[in-house]
Amino acid sequence: MKEASDKYKQTTTEEMSVAPAPAAIANSENVQAGLLKNMVPDPGWFDGDQTKFEDWWRGIRLFLKSNRVMETNNKITAILAHLRGGVVEIYAQQKLDELDGELET
């Protein structure tokens, strides 16, 4: 009986020391990233209303972080895509034309 008990202790200790498979770790990270994306909503459009800028800017920064947008050009593109109406739309179009020109040269 003692022999069976020792074997049980050895098995459970070995099982507990087994590291999770890389796929399980990657899946866990993807789930966590998915939860973060769901927690941070798209901040919507910014139309140039200065009274709404601070809230929108905080929202766009969190949105970019939660979607893991790290490269500067990708951040610029995402922000320009959220500018609509009035002066900000004119600015966004000019900046986009500028960026397109840089890519062509």
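None of the figures in this text is laboratory data; all of them are computed from the coordinates on show. Note that the coordinates shown come from a computational prediction; the quantities given were computed from them, not determined experimentally. We place every Cβ from the backbone using ideal geometry, glycine too, and count neighbours over all the protein chains shown.
Ranking 99, 64 by Cβ neighbours within 10 Å, fewest first, what do you get?
Details: 99 14, 64 17.
Taking fewest neighbouring Cβ atoms as first place, the list is 99, 64.
Expressed as a rounded percentage, what relative contact order does segment 42-105 have, with Cα pairs under 8 Å and six or more residues apart?
On the way: 41 pairs, mean separation 25.3, N = 64.
Computed value for segment 42-105: 40 percent relative contact order.
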